[in-house]
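A.B. asks: Structure incoming, see below.
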Amino acid sequence: MLQKASPPTLREAPAAREASVKHAEALALYRKLLLVRRAEEKIREEYPTNDMKTPVHLGIGGEAIAVGVCHAAPPGARAFGTYRNHAWYLAMTGETDRFFGELYGKAIGAAKGKAGSMHLAAPQHGLIATSAVVATTIPLAVGAALAHQYRDEPTLVVSFFGDGAVEEGAFWESLNFACLKRLRILFVCEDNDLAIHIPTSQRQGFRSIPDVVRGFRCHVMSGAGYDLRTVMTSAHTLLERMETDPRPGFLHLTYFRFLEHVGPLEDFHAGYRQKPSPDELARLDPVRRFEQALREDGVTDHELEALRLSVDEQLTRSVRAAQQAPFASPAELSTDVWA
Ligand SMILES: Cc1ncc(C[n+]2csc(CCOP(=O)(O)OP(=O)(O)O)c2C)c(N)n1
Ligand SMILES: [Mg+2]
């Protein structure tokens, strides 16, 4: 449990100091969770002006997965993922200038505006590559893990993907090879039960993703991806098991996708799924859940509000800077482009 405490002093007892550190850690986690949520809410507000010329796959409902896994991962970990990548980028960098610069297609963007939302990366922070093509970065992640093993480096590789990627041959070949070679890779399946509009029951010929993966020689855990503390505990446990018995880890986390597959809107009217009740939506909302847990641990409304203000100030500054920034010059059109 995360404890509330006043700031530590040099003469403070170790238990009080530990509680204080936990308190600061909990607030830092909350700020990160909120940064992801509010950044995507900003996108929802600004997208209708049509100045962001990029498709956006928003991850509202799934924020705790990126925040929790990135928090549990050791320093120097390297990650690969998909087009639903905003949370990983923000959790790994904490910055929003280059993030919004990229969404607005500007020269200050993370890839000078040439990648857009779907191919965000921040190699200097460990986010090596993300891609719009389902399952394509899974073999890349396995290749990176093989390279680290070959060079005798302890680096952890994290491969994020959705439940739809599990229907691709590339996934099974990658899992097989990683288990065979006992690579230091953590597979994280973000399972929202949907591939665009189609539920898993209409796509998958097996009963359960974790049950099938348990047939491989790796460590498997499954849990509620909308609960930040569950994500962190599961990730920590898996990483410890991977340490004592070196094999890949497979973390299967469920969450509810609040919005349409791509774009800023809700789509409950589309008819392929029902809108949950307000109570159910609150239960599935990672930000509200964590806020509630923090309050139960003694964090005050004042502390939460101060973090909300600081996040909103950061985002307002970044959006304004991105809107005012220039595009890259036409002379740069074909530089930095590899494929
Ligand atoms: C190889 C490939 N096949 C099909 C598509 C079209 N497509 C785009 S998103 C998507 C659904 C993927 O679902 P999932 O992996 O569960 O990710 P989610 O969108 O739910 O995060 C599909 C089939 C694609 N981008 N790449
Ligand atoms: Mg999915």
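A.B. asks: At 0.36 nm per residue, and after removing the present C-alpha to C-alpha distance, how many nm does the segment from Leu333 to His269 gain when stretched out fully? Numbers along the way, then the final one.
C.D. replies: Details: separation 64, 0.36 × 64 = 23.04 nm, distance 4.05 nm.
Additional length available on full extension: 19.0 nm.
A.B. asks: Any idea what the relative contact order of the stretch 83-179 is, in percent, if you count C-alpha pairs under 8 Å spaced at least 6 apart?
C.D. replies: Values: 126 pairs, mean separation 19.2, N = 97.
Relative contact order here is 20 percent.
A.B. asks: Can you tell me the relative contact order of the chain? Whole percent, Cα pairs under 8 Å, sequence separation 6 or more. Please report the intermediate quantities before stating the final value.
C.D. replies: Details: 594 pairs, mean separation 73.3, N = 339.
About 22 percent, as a whole number.
A.B. asks: Moving on. Run the numbers for Glu313 and Glu260: contour at 0.36 nm per residue of separation, minus the present Cα-Cα distance, in nm. Intermediate results must be reported in sequence, preceding the final value.
C.D. replies: Values: separation 53, 0.36 × 53 = 19.08 nm, distance 2.72 nm.
Difference between extended and current length: 16.4 nm.
A.B. asks: Pull out the extension gain between Ala107 and Asp297, defined as 0.36 nm times the separation in residues minus the alpha carbon to alpha carbon distance; nm, one decimal. List each step's numbers first, then the result.
C.D. replies: Working: separation 190, 0.36 × 190 = 68.40 nm, distance 4.36 nm.
Result for the pair: 64.0 nm of gain on full extension.
A.B. asks: Rank-order 257-267, 111-121 by packing density, defined as the average count of other C-beta atoms within 10 Å over each peptide's residues, highest first. Don't skip to the answer; put the middle values down first.
C.D. replies: Working: 257-267: 16.5, 111-121: 20.5.
With the highest mean Cβ count within 10 Å placed first, the list reads 111-121, 257-267.
A.B. asks: Can you quote the Å³ per residue value for the convex hull of the Cα atoms in the chain, rounded to an integer?
C.D. replies: Details: hull volume 53.9 nm³, N = 339.
Here the figure is 159 Å³ per residue.
A.B. asks: Something else now. Farthest toward the dipole's positive end in the stretch 211-275, which of Pro246, Phe268, Val212, given Cβ charges of +1 (Lys, Arg) and -1 (Asp, Glu) about the Cα centre?
C.D. replies: Val212
A.B. asks: Separate question: Taking the Cα centre as origin and putting +1 on Lys and Arg beta-carbons and -1 on Asp and Glu beta-carbons, what dipole magnitude results for the stretch 197-339, to the nearest 20 debye? Spell out each step's value before the answer.
C.D. replies: On the way: 17 positive and 21 negative charges, 139 e Å.
Magnitude of the dipole: close to 660 debye.
A.B. asks: Report the charge-dipole magnitude of the stretch 14-326 in Debye, nearest 20, computed about the Cα centre from +1 at each Lys and Arg Cβ and -1 at each Asp and Glu Cβ. Don't skip to the end; give the middle numbers.
C.D. replies: Numbers: 36 positive and 39 negative charges, 147 e Å.
Using only the charged Cβ atoms, the result is roughly 700 debye.
A.B. asks: With +1 on each Lys and Arg Cβ and -1 on each Asp and Glu Cβ, and nothing else charged, work out how big the dipole of the stretch 129-210 is about its Cα centre, in Debye to the nearest 20.
C.D. replies: Numbers: 6 positive and 9 negative charges, 54 e Å.
Computed about the Cα centre, the dipole is about 260 debye.
A.B. asks: Highest mean first, what order results for 33-40, 208-215 on Cβ atoms within 10 Å?
C.D. replies: Details: 33-40: 23.1, 208-215: 15.0.
Order by mean packing, descending: 33-40, 208-215.
A.B. asks: In whole Hz, what ³J(HN,Hα) sequence does the stretch 234-241 give by Karplus (6.51, -1.76, 1.60; θ = phi - 60°), x for Gly and Pro?
C.D. replies: With coefficients 6.51, -1.76 and 1.60, one gets 5, 5, 4, 4, 4, 5, 5, 5 Hz.
A.B. asks: Sticking with this structure for a sec: Could you state the number of Å between the C-alpha centres of the stretch 99-157 and the stretch 230-248?
C.D. replies: Each part's Cα centre sits 23 Å from the other's.
A.B. asks: Now for a separate question. Once you put a point 7 Å from the Cα of Arg241 and another 7 Å from the Cα of Ala282, both along the Cβ direction, what distance in nm separates them?
C.D. replies: It works out to 3.4 nm between the two label points.
A.B. asks: Say the cut-off is 29 Å between C-alpha atoms; which of Lys32/Lys275; Lys42/Lys114; Lys32/Lys53; Lys112/Lys181; Lys32/Lys112 go over it? Working shown, then result.
C.D. replies: Details: Lys32/Lys275 27 Å; Lys42/Lys114 21 Å; Lys32/Lys53 26 Å; Lys112/Lys181 37 Å; Lys32/Lys112 24 Å.
With Cα atoms farther than 29 Å apart: Lys112/Lys181.
A.B. asks: Which of the peptides 269-281, 183-195, 305-317 is most tightly packed, and how do the rest follow, going by the mean number of other Cβ atoms within 10 Å of each residue?
C.D. replies: Ranked by mean Cβ neighbours within 10 Å, highest first: 183-195, 305-317, 269-281.
A.B. asks: Report, largest value first, the span of the C-alpha coordinates of the stretch 27-74 along each principal axis, in whole Å.
C.D. replies: Dimensions of the stretch 27-74 along the principal axes of its Cα atoms: 38, 19, 17 Å.
A.B. asks: Enter the Cα centre distance for the pair the stretch 9-64 and the stretch 277-301, rounded to the nearest angstrom.
C.D. replies: First find each Cα centre; the distance between them is then 14 Å.
A.B. asks: Could you name the aspartates and glutamates in cross-link range of Lys106, using Cα to Cα under 17 Å and dropping any fewer than eight places away on the same chain?
C.D. replies: Lys106 reaches Glu46, Asp51, Glu95, Asp97, Glu332, Asp336.
A.B. asks: Follow-up. Once you list every other residue whose beta carbon is under 14 Å from the beta carbon of Tyr47, what net charge do they have if Lys and Arg are +1 and Asp and Glu are -1? Please list the in-between numbers first.
C.D. replies: Numbers: positive: Lys42, Arg44, Lys53; negative: Glu40, Glu41, Glu45, Glu46, Asp51, Glu260, Glu266.
With Lys, Arg at +1 and Asp, Glu at -1, the net is -4.
Where a number appears in this text, it was derived from the coordinates with a stated rule and is not lab data. On a predicted model such as this, the values are computed, not experimentally measured, just so you know. Cβ sites come from the backbone with ideal geometry, for glycine too, and all protein chains shown count toward neighbours.
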